[in-house]
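The values are calculated or read from the model by the stated rules, or taken from the named source; none is laboratory data. The structure presented is a predicted model; accordingly, all values stated were derived computationally and were not measured. As a convention, Cβ positions derive from the backbone with ideal geometry for all residues, glycine included, and neighbour counts pool all protein chains shown. The protein model used for the area step is the full one, side chains on, heavy atoms only, and it has no ligands, DNA or RNA in it. Shrake-Rupley method; radii C 1.70, N 1.55, O 1.52, S 1.80 Å.
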Amino acid sequence: MAPSSHKSESKEAGSGYVRNSDDVDTGHLVENSDGLSRRLNNRQIQLIAIGGSIGTALFVSIGQGLYRGGPASLFIAYLLYSCILGLVNNCMAEMATYMPVSGGFIRMAGKWVDEAFGFMAGWNFFLYEALLIPFEITALNIVLSFWRDDIPAAAVCCACIVLYAALNMVAVRAYGEAEFWLSGGKFILCIMLFSFTLVTMCGGNPQHDAYGFRHWSDPGPFREYRSTGDKGRFEGFLAALFSAAFTIVGPEYISMVSAEAKRPSIYIKTAFKTVYYRFGVFFIMGALCVGIVVPYNAKALVELYDGSGSGAGTAAASPYVIAMNNLGIGILPDVTNALMLTSIFSAGNTYTYAATRSLYGLALEGRAPHFLRKTLKNGVPIWCFAITMCFPVLSFLSLSSGSSKVLTWLVTLITAGGIINFIVMCVTYIFFYRACMAQGIDRQSFPYTGWFQPYSAYIALAFEICVVIFFGYTTISPWSARDFFINYMMVILAPLMFIFWKVFKRTSFVKPLEADIVWDRPIIEAYEASFTHPPVGFFTEILQMVGLRRNVREPSKV
């Protein structure tokens with residue numbers, strides 16, 4: 001906590017790690033109690049917060065929800081799930097701004113709930129993130145097939161692995177800079193597609209067809225799925241809801257970067273607050289636009305999701321590209337796919353980062369081998385990174401099984417793991433809240449205070465448990481052992497990991513009066529108190545990139 005006179009840098013966590021920073025008071029300061037560095041600035045964090053949650057699903061996989069549920073079911077499902085995840089974000093924001101530690105919510109779970117719970121949470125999140133990497137690489141191959149079918153998929157897989165390795169081996173500031181620009185491309189893509197929807201539905205297309213909400217009446221707002229009548233329409237809504245459960249994410253990534261953020265109480269708080277707007281603008285609006293531009297019975301969607309077509313290329317995968325081709329619009333599909341490439345690549349890059357940091361967080365708490373604590377001088381957990389880079393190799397499965405088939409398999413396998421992450425956050429917050437109440441800690445003094453607590457945590461917890469239980473109900477009738485295993489593997493694995501660690505380590509649940517709410521807070525407060533300049537706003541940092549407003553800093557506070 002106190003400034004150190006030593007200039008040497010540690011390569012392993014827990015050894016009095018010290019750093020310099022260009023906008024803190026003179027001297028050497030401990031930024032974290034481990035080996036990570038706080039180098040992410042405001043503009044990088046805000047774009048990572050936007051880009052980390054936007055990937056293939058919002059532009060490609062969302063088509064499955066439309067095909068199975070129809071436009072109204074898709075919109076309602078995305079609206080409902082965004083509200084539920086807003087409640088989860090409400091919990092995570094309070095904890096992460098108060099305790100921005102390495103490993104994020106997975107270390108909080110072990111610290112405030114039960115060590116076994118932290119073990120389960122950490123390995124579930126690591127596997128979830130690590131398996132998302134080959135998912136994005138496989139999706140990248142599908143996007144590239146829009147232009148040519150003879151692009152060697154193996155070469156694409158190799159190139160992605162090399163680029164992910166290069167971007168994540170450098171210091172975290174370089175990673176943040178790369179994500180800033182890549183996430184900017186995602187933002188541009190979203191605005192472009194929303195504008196395309198508005199203009200074309202009003203008649204601004206080569207056919208001069210002001211189709212408006214035509215597809216909501218023909219073929220209709222709700223689609224019957226698996227059954228007929230009201231039951232079929234409800235099952236269609238469930239299919240759309242499960243699509244939303246895979247697509248809508250966000251709080252977990254901000255939690256993971258909080259340990260490497262400058263001024264976390266300010267910048268991380270801002271990032272969490274923008275999550276609510278992102279849910280509304282990107283996910284809810286995205287679901288509405290998809291239901292407007294293409295009908296659920298479009299030939300390309302039917303061929304892709306009922307197995308009657310080849311499923312190759314984004315012309316048979318992205319609803320937006322389907323709509324552009326149907327309207328006879330040229331060039332724009334190429335631009336869309338080009339920007340989609342950056343979006344997909346950026347998501348894979350973020351998953352590589354998150355998987356590496358989650359494994360590092362496990363090692364810090366003794367829930368992974370000790371050698372994984374080793375970091376390079378630039379703060380990169382080298383052995384955690386090496387293990388993470390083994391998972392992108394799974395993308396080579398698409399060479400024999402077909403990209404579309406592998407993509408569907410990975411989506412099914414991964415979704416339950418993401419839902420379990422949100423369950424962990426809610427449970428952790430409930431224990432955190434109880435500890436604060438028992439110890440008489442005023443939550444109003446925290447950088448961010450969640451509203452409607454602890455009830456929002458209980459509502460989100462109950463909803464997410466229902467989703468994870470019924471997510472794979474279609475495998476029961478007709479019974480399919482293979483599909484049941486794919487859908488529920490993470491659900492089965494999670495309690496087994498919890499029981500294993502609880503029995504092996506003989507752990508017990510943390511009592512409210514015994515919970516360590518202080519933890520690393522003194523180090524964080526000392527670090528933030530050392531800044532000699534006021535925080536710089538997001539748009540000010542953007543202007544500074546082009547040489548403007550360089551003199552916004554005030555004199556140092558001595």
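What is the one condition in (1) at pLDDT 85 or above; (2) surrounded by fewer than 22 Cβ atoms within 10 Å (Cβ to Cβ); (3) not in a helix (DSSP H, G or I) that Tyr296 does not satisfy?
Condition not satisfied by Tyr296: (2).
If you go through the range 29-42 one residue at a time, do you hit one that is in a loop (DSSP other than H, G, I, E, B), at pLDDT 80 or above and within 20 Å of the chain's Cα centre (by Cα)?
For the range 29-42, residues in a loop (DSSP other than H, G, I, E, B), at pLDDT 80 or above and within 20 Å of the chain's Cα centre (by Cα): present.
When you scan the range 261-272, do you find a residue that is touching a Phe, Trp or Tyr at 6+ places or on another chain (Cβ under 6 Å), within 30 Å of Ala116 (Cα to Cα) and buried (at least 24 other Cβ atoms within 10 Å of the Cβ), even just one?
If we filter the range 261-272 for residues that are touching a Phe, Trp or Tyr at 6+ places or on another chain (Cβ under 6 Å), which is where we start, we get 261, 269.
Now narrow it down to the ones that are within 30 Å of Ala116 (Cα to Cα): 261, 269.
Now narrow it down to the ones that are buried (at least 24 other Cβ atoms within 10 Å of the Cβ): 261.
There is at least one residue in the range 261-272 that is touching a Phe, Trp or Tyr at 6+ places or on another chain (Cβ under 6 Å), within 30 Å of Ala116 (Cα to Cα) and buried (at least 24 other Cβ atoms within 10 Å of the Cβ).
Looking at the structure I just gave you, is Ser102 within 18 Å of the chain's Cα centre (by Cα), of a type outside the set (A, V, I, L, M) and surrounded by fewer than 24 Cβ atoms within 10 Å (Cβ to Cβ)?
No.
Return the pair list, or none, for Cβ contacts closer than 8 Å from residues in the range 36-62 that are among the aromatic types (Phe, Trp, Tyr) to residues that are at pLDDT 80 or above and crowded, with 24+ Cβ neighbours inside 10 Å, at least 6 apart or on different chains.
Close Cβ pairs (under 8 Å, with a partner that is at pLDDT 80 or above and crowded, with 24+ Cβ neighbours inside 10 Å) amount to Phe59/Leu193; Phe59/Ser318; Phe59/Tyr320; Phe59/Met340; Phe59/Ser343.
Quickly run through the range 317-367 and pick out the residues that are β-branched (Val, Ile, Thr) and under 30 Å from Ile292 (Cβ atoms). If you could, list the steps in order and put the result at the bottom.
Keep residues of the range 317-367 that are β-branched (Val, Ile, Thr), which gives 321-322, 329, 331, 335-336, 342, 344, 350, 352, 356.
Residues satisfying the conditions are Val321, Ile322, Ile329, Ile331, Val335, Thr336, Thr342, Ile344, Thr350.
Those residues that are closer than 14 Å to Ile419 by Cα and hydroxyl-bearing (Ser, Thr, Tyr), I need them from the range 444-470; list them, please.
None; the set is empty.
Which pairs turn up if I take residues in the range 530-558 that are under 17 Å from Leu40 (Cα atoms) and look for partners that are in a loop (DSSP other than H, G, I, E, B) and modelled with pLDDT of 65 or more with beta carbon separation below 8 Å, at least 6 apart in sequence or on another chain?
Sorted first by the residue in the range 530-558, then by its partner, the pairs are Phe531/Arg263; Pro535/Arg263; Val536/Asn41; Glu541/Asn41; Gln544/Val536.
So, in the range 318-373, exactly how many residues are outside any loop (DSSP other than H, G, I, E, B), surrounded by fewer than 24 Cβ atoms within 10 Å (Cβ to Cβ) and charged (D, E, K, R)?
Number of matching residues: 2.
Listed residues Ala77, Ala96; which is at pLDDT 95 or above, assigned to a helix (DSSP H, G or I), of a type outside the set (Val, Ile, Thr) and in contact with a Gly (Cβ under 9 Å, 6 or more places away or on another chain)? Break it down into steps so the answer makes sense when it comes.
Working: Ala96 fails: at pLDDT 95 or above.
Only one candidate qualifies: Ala77.
Somewhere in the range 470-479, is a residue polar (S, T, N, Q), surrounded by 14 or more Cβ atoms within 10 Å (Cβ to Cβ) and closer than 21 Å to Met108 by Cα? Step through it out loud before you land on a result.
In the first step, residues of the range 470-479 are kept if they are polar (S, T, N, Q); the result is 474-475, 477.
Still in the running and surrounded by 14 or more Cβ atoms within 10 Å (Cβ to Cβ): 474-475.
In the following step, the residues that additionally are closer than 21 Å to Met108 by Cα were identified as none.
The answer is no; no qualifying residue exists.
Any chance you could count how many residues in the range 434-456 are open to solvent by less than 40 Å² (accessible area, probe 1.4 Å), in a helix (DSSP H, G or I) and either within 22 Å of Val518 (Cβ to Cβ) or free of Cβ contacts under 8 Å to residues at least 40 places away in the same chain (or both)?
The qualifying residues number 3.
Filter the range 316-359 for residues that are of a type in the set (Ser, Thr, Tyr) and closer than 11 Å to Ile133 by Cβ and give the result. It would help to see each step written out before you state the result.
Taking the range 316-359 and keeping what is of a type in the set (Ser, Thr, Tyr), we get 318, 320, 336, 342-343, 346, 350-353, 356, 358.
Correct list: Thr350, Tyr351, Thr352, Tyr353, Thr356.
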